[in-house]
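Structure, as structure tokens:
The values are calculated or read from the model by the stated rules, or taken from the named source; none is laboratory data. Keep in mind the model is a prediction, meaning the values are calculated, not measured. Cβ: placed from backbone, ideal geometry, glycine included. Neighbour counts: every protein chain shown. Protein only, heavy atoms only, side chains kept; ligands, DNA and RNA dropped before computing areas. Shrake-Rupley method; radii C 1.70, N 1.55, O 1.52, S 1.80 Å.
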Amino acid sequence: MSERRTSGVCGNCLPLCTKESIMVAFRGIWTQTFWKAVSGEFLAMLIFAFLSLGSTISWSENQQLVLMSLCFGLSLATMIQCFGHISGTHINPAVTISLVCIKKLSLAKAIFYVAAQCLGAVVGAGLLYLVTPADRVGNLGATLVNSSLSAGQGLLIEIIITFQLVFNVVASSDTKRNDVKGSIALAVGYSVTIGHLFAINYTGASMNPARSFGPAVIMGIWDNHWVYWVGPLMGGISAAALYEYLYCPDPELKCLLKEVLAKATKPSGGKHREVEAIRSQEEADDLITKPGTAHVIDIEKGEEKKEKDSSGEMMSSV
């Protein structure tokens, strides 16, 4: 028991639970660069929520869906252009958590990002509430499943529209590609616009748990609110995983996995085979848990090598 304790493993936990792993995950959170990124995410979300939710305020009897869709899409594109080199401008917990699942962002950074996004959305919605006449506030852009739909149908809508958004994000910012032309910020903005044009009448077209969380807190509207967390997270994670592991896997990761599988299936007998299996398992575990192979940024050493094209700006924190 004493040997196991000195090795840093807590009881029967996996190697992932070692003190060293935890220290590696959180060692960069006290740097200036880290807090610039987190504060940038907060400010970008605040401005995005204030502007985009403002387009939902009804100043006349006719709600203009095109106006709202363009405001959401162009507001996001503008924030990406402004803060992309500072925080990566996820402005969306679904994007942030999806990047963690494909090893493009550290868990420690993701926790602070999601907190900053939710807080920014609440502050942005609160400021909008303060400057809007009481008789015009309405529900302050809170997302609600259409009364003609069930919660399950609303969930499916949110999964699909968030899937296309996150797939766009990871595909547009893929540094392995050399065929990306034009502005990534506008590409993501168009994706948000399309989602709104289609789904506003269905679910309010959230695609973003923080965007729904902000007005829900200010107005106290929580009807089927779980849909706007579960749906975007399911859609985002599945989109990122399909792109990263099926359609466009990292060549280096692919080669390493092939080597591990080749060693694991190599025929041998007796104790030698048992040792080989253990070593292969350790290599597979290392491939999953080591920050270096997971592309986790060491903020103390600065960000990873930036690409010269626009794709480096969009996902500079990834």
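Some values worked out for this structure:
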{"quantity": "Stretchable slack from residue 253 to residue 35, in nm (0.36 nm times residue separation minus alpha-carbon distance)", "calculated": "75.5 nm"}
{"quantity": "Cβ charges +1 (Lys, Arg) and -1 (Asp, Glu), total dipole of segment 119-233, debye", "calculated": "240 debye"}
{"quantity": "Residue list for segment 33-48, given a label point 7 angstrom along the Cα-to-Cβ vector of residue 131 and an amide N cut-off under 20 Å", "calculated": "40-48"}
{"quantity": "Charge dipole (segment 31-250, unit charges on Cβ, about Cα centre) - positive-most of 119, 215, 161", "calculated": "119"}
{"quantity": "Alpha-carbon spread of segment 31-250, three principal axes, descending order, Å", "calculated": "52, 40, 31"}
{"quantity": "Student exercise, segment 31-250 dipole from Lys, Arg, Asp, Glu Cβ charges, in Debye to nearest 20", "calculated": "440 debye"}
{"quantity": "Ranked order, 238, 98 - accessible area, probe 1.4 Å, largest first", "calculated": "238, 98"}
{"quantity": "Computed lengthening from residue 223 to residue 139, 0.36 nm per intervening residue step minus Cα-Cα distance", "calculated": "29.0 nm"}
{"quantity": "Carbon plus sulfur fraction of accessible area for segment 31-250, probe 1.4 Å, in percent", "calculated": "66 percent"}
{"quantity": "Heavy-atom accessible area per residue - segment 53-122, 1.4 Å, Å²", "calculated": "38 Å²"}
{"quantity": "Estimated FRET transfer efficiency when R0 is 30 angstrom, pair residue 62-residue 190 (beta carbons, to 0.05)", "calculated": "0.75"}
